[in-house]
Amino acid sequence: MSVRRLPETDTDHHRFIDVINLIGNKWTVLIVITLLSSPKRFNEIKRAVTGISQQMLTRTLKALERDGLVTRTVHPTIPPQVEYALTTLGNSLSEPVMELGAWATRNLDEIETHRC
């Protein structure tokens, strides 16, 4: 296995940290998993992501949209319906997110043993 290096310039390092902070956020992970199966409306996501506040969901969705991981589609109904979906880039994040989830599930007991 080859070891990849962290970015060496200050600019690249800051950009790297920004991306890691976004994708390492628990709400980002849960939203990506929620949107894997199909596009969802705001309240559907809120119901699926237990414990997230409306403000945090709004903030996280805006960040994901800004960074190209999620699209926001407004349907011309009364009242307007807004739907969120993963982009190709967002879908590409789902694979490592699911692998991380699988790793966590496999190691729950051992980690809990070390916490005691």
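The values are calculated or read from the model by the stated rules, or taken from the named source; none is laboratory data. Predicted, not measured: the structure shown is a model, and the values here were computed from it. Cβ coordinates were reconstructed from backbone atoms using ideal geometry, including for glycine residues, and neighbour counts include every protein chain displayed.
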Within the stretch 1-63, helices (runs of 4 or more DSSP H) holding 2 or more residues that are modelled with pLDDT under 80 and over 17 Å from V97 (Cβ atoms):
10-23
In the stretch 97-116, which residues are closer than 24 Å to I20 by Cβ and either outside any helix (DSSP H, G or I) or in contact (Cβ under 8 Å) with a residue 24 or more places away in the chain (or both)?
V97, M98, L100, G101
Out of curiosity, is V29 surrounded by 11 or more Cβ atoms within 10 Å (Cβ to Cβ) and in contact (Cβ under 8 Å) with a residue 60 or more places away in the chain?
yes
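Do the conditions hold for V82, that is, is it within 24 Å of G101 (Cα to Cα) and either in a loop (DSSP other than H, G, I, E, B) or not polar (S, T, N, Q) (or both)?
Numbers: within 24 Å of G101 (Cα to Cα): no; either in a loop (DSSP other than H, G, I, E, B) or not polar (S, T, N, Q) (or both): yes.
When the stated conditions are applied, V82 does not pass them.
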Single residue of R41, R5, R66, R59 found to be surrounded by 12 or more Cβ atoms within 10 Å (Cβ to Cβ) and without any contact (Cβ under 8 Å) to a residue 24 or more places away in the chain
R59
So which residues in the stretch 8-26 are within 19 Å of the chain's Cα centre (by Cα) and without any contact (Cβ under 8 Å) to a residue 60 or more places away in the chain, if there are any at all?
R15, F16, I17, D18, V19, I20, N21, L22, G24, N25, K26
